[in-house]
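Read the figures in this text as sums done on the coordinates, not as results from a lab. No experiment lies behind these values; they were computed from the predicted model shown. So basically every Cβ, Gly included, is an ideal-geometry build from the backbone, and we count neighbours across all protein chains shown.
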Amino acid sequence: MAMKLHRKKRLTAIIASVFAVSIVVGLVLYASNQKMNLFITPTEVQAGIAPLDRIFRIGGLVKDGSVKRSETSLRTDFIVTDGVADIKVTYDKIMPDLFREGQGVVAMGKMNDKGLFVASNILAKHDEEYKAPEVLDALERAGHPVKKTAQDSKGS
Amino acid sequence: MHAEFGNYLLVFALCISICLSVFPMWGAFANNRQLILSAKPLTVLLFTALFGSFICLVYAFYIDDFTIAYVAQNSNSMLPDRYKFSAVWGAHEGSFLLWTLIFSGWAIAVALFGKNLPAKSHVRVLSVLGMIGCGFVSFLLFTSNPFDRTLPFFPVDGGDLNPLLQDFGLIIHPPLLYMGYVGFAVSFAFAITALIEGEWTSNWARATRPWTIAAWSFLTLGVMLGSWWAYYELGWGGWWFWDPSENASFIPWLSGTALMHSLAVTDKRNSFKGWTLALSLSTFSLSLLGTFLIRSGVLTSVHAFASDPARGRFILIFLALVVGTALLLFLFRSSKVKTKADFSELSKDMFLLLNNILLVSATFFVLFGTLYPLLAEVIGKKMSVGAPYFNSIFPIPMILLFILLGVGPLLNWKKHDASTLKKPLIKIALISVVLGLLSSLIAGEFYLWVMVGLSLSLWVSISSFYNLNLMSRHKKTLSKKLSSLSGTQLGMTVAHIGVVVTLAGVVLTSFHSEEKDLRMAIGESKEIAGYNFSMKEVQDLTKDNYQATRVIFDVSRNGEFLLSLAPEKRFYLAKRQIMTEADIDAGFHRDLYIALGEALDNSGNVWSVRIYVKSFIRWIWGGAILMALGGFLAMMDKRYRKLKAENFAKISEDESKPIFSHPVEGD
């Protein structure tokens, strides 16, 4: 009887842990499928690789002379380029401090049906010398090797 | 001169830590009294050397010694003195020196206050800490020496401290955070020693508990300060971004929380032994992993440190050594530590087991989301995992945890009679749901999440108070009731209430805050959440190391003037860097928050402005302070001081009859 009880308990424990682990794995797979954002370069967007129904990130440099601000609202339009392809981006919130022409930028958002990238978030870094790995990657993939300095970023 | 001296002290510290990792351990095996006795003086020397070295660096900052590269990069002659002091840990090298110093501080505390361990175990623990110290000090010396010179061409003035770090929060955030991170090294060293000796009794767990709780409490404060700092200094007004650097501290926090609870079971019931050991080992390993993620620059983060491949490689090798050794020891020795699992479905043991399963899953969720971009990069994809992933998955284990939290503390160990609890618990549940519904309706628009969050908060708080009353039911007056409670009981209650105060803050802030990005001109006013914000005037300021534009806003409610807020846009001269300085009126039930975007025309009278009315955001950090306070109360429990080396083995025999035990030789 005691043996049986012991076995039963062990079996329950094993079933419970298998159950728990499968729930955990299932949840992670579900969430990761839905919620992770692919990083896509402007060249790839132009080639039509970008998903139309999902949020993703693009990165590159803000093209010189492309920034246009609205007179009446916070809306800003600009072009993100990796040197090969240009993507039009619009954003209607406050721009980060380090946003300016010729600087690296990472934008998160969706393509609308007119081929305009509607950004929901513009990521900026604290340090002027810092270039986000994504920006470097986009430039490199487009054939502009960027020399990485030993000290890319500072801060805490 | 001071730079050389600081450097010598670091080299000396390395020698000492090598001695510390070898001699006492050897002595404990060879029964050599002299070697055993060397542990304490060696630990004191290690601390003294690192402290001296730290003072040298502080002095270098104080006298603006720009011949030292680290000082030149992170300070400036115009920097105010208090920031010269905090600039010592403003970047990688100095902050790692602080980290190592704090680590040796923990080691010296173990040397002085760990006397309740048997002598041999005590020195083995110190020896293990010495080994970890070897790793830390060599990392400093070989990859991140803060005393490297710029000679012969040193700069006339320094590059200045990153303006974001010129702030009170950043003076205290890193020390507290590091207290937590490296504090888990102590429970790690205890676990390794227990594995070496093949003995992990309830007394071991009892001896480990106060150290773990202390580290956890500091980590809680550290994480909280990080969140607070991000809120007011980054100018985004958020309190948590699921940024890799935040996750790096949150992962060990979650795992440490699981460890604290599992240690309680091992202490009181002499079970869950292998599990507790595994958690002790993994919590510190996760701390190191967090360090690796932040300091190697492998992850894109708002505050990544300088990325130098050599550093990443060093930490990775060190991490592999630590985890590998721990894992090997665990595999070969943990079978000696037998666990008897003997409890029914309704018992404190069972609920703590569930607590651990949920907390470990939560740790895994966060770890997975943080590491996923790295994994994806291996298969050639660039991915980012942001708030949507974490926000959709993290609440699941947390909701279950809060439901259990209302029941677990009320239960007896081993077995509880369901009939005694059914009635009061149903009552408490009903009251919480009704009050939760009412308060979520009062708060404004109805949100299901707010109601769930508030009901859970009430459920846990009411049940905690009910439990306090039960525990002290034999005393009549309130003061007698309070004094009859042990530190553990009181601490547990305070910490549990703290966590639901945070929960209430989180749901209320997330759903009831009003946030607006606006274009505003002088003389204009805007109404947000019942408050009227009107833009009055623009001022220009000149300070020692920055110039600023300040915009004055008057805030009124129902036509009545409340206060003025004056957010600034600063231009730091040395780094030519622009900074947003938000102005915040903090309150019990709401914060008023204004941050400036940028001037939108040449006259400087039109600005992009970010105005927030944040509901109950202070509760998030207030709850964390309660949690830490609870931790400190629990640490003070008399039980831990009663534990004496002489009766180390004996207590465990009387109280819980371990299956495995062998006599511990005193020295």
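For chain B, the membrane-span-like helices by this rule, meaning whole DSSP H stretches whose C-alpha atoms cover at least 30 Å of axis and whose Kyte-Doolittle mean is 1.0 or above, are B:2-30, B:39-62, B:92-113, B:119-143, B:168-197, B:309-333, B:348-378, B:418-442, B:448-471, B:487-512; this says nothing about an actual membrane. Which pairs in the list B:415/B:480; B:348/B:427; B:414/B:476; A:68/B:569 are over 27 Å apart, alpha-carbon to alpha-carbon? Distance filter (> 27 Å) returns B:415/B:480; B:414/B:476. Against the empirical 2.2 N^0.38 Å (N residues), region B:394-438 has a Cα radius of gyration ratio of 1.33. Excluding residue B:424 itself, what net charge comes from residues whose Cβ is under 15 Å from its Cβ, given Lys and Arg +1 and Asp and Glu -1? That works out to +3. Taking amide H as placed 1.01 Å from N in the peptide plane, residue A:60 has its amide H under 5 Å from the amide H of A:105, each at least 5 places away in sequence or on another chain.
Extents of the protein assembly as shown, largest first, come to 81, 71, 56 Å (Cα atoms, principal axes, whole angstrom).
The trypsin sites (Lys or Arg not before Pro) found in region B:64-149 that occupy coil by DSSP, while having at most 16 further C-beta atoms within 10 Å, are B:115.
Its Cα gyration tensor gives chain B an equivalent ellipsoid, and the semi-axes of that ellipsoid, as √(5λ) in whole Å with the largest first, are 43, 37, 20. Computed on region B:403-512, the Cα convex hull volume stands at 114 Å³ per residue. Kirkwood hydrodynamic radius computed over region B:135-210 comes to 16.8 Å, based on all pairs of distinct alpha carbons.
Entry for region B:514-618 at q = 0.16, 0.17, 0.19 Å⁻¹: log10 I(q)/I(0) = -0.69, -0.77, -0.93, Debye formula applied to identical alpha-carbon scatterers, no solvent contribution. Once the C-beta distance of residue B:328 and residue B:67 is scaled by a Förster radius of 51 Å, the resulting FRET efficiency is 0.65 to the nearest 0.05. First check a/c for region B:186-234, with a ≥ b ≥ c the square roots of the eigenvalues of its C-alpha gyration tensor; if it is under 1.5, answer rounded, and if not, answer prolate when a/b is larger than b/c or oblate otherwise. It is prolate, given that a/c is not under 1.5 and a/b is the larger ratio. Phi angles of region B:561-576 translate, via the Karplus equation with coefficients 6.51, -1.76, 1.60 and θ = phi - 60°, into HN-Hα couplings of 5, 9, 6, 10, 10, 9, x, 10, 10, 10, 10, 7, 6, 5, 9, 6 Hz per residue; Gly and Pro are given as x. Here each label is just a point 7 Å from Cα along the line to Cβ, and for residue A:19 and residue B:78 those points are 6.7 nm apart. Between residue B:168 and residue B:446, full extension at 0.36 nm per residue minus the direct alpha carbon distance yields a gain of 96.3 nm.
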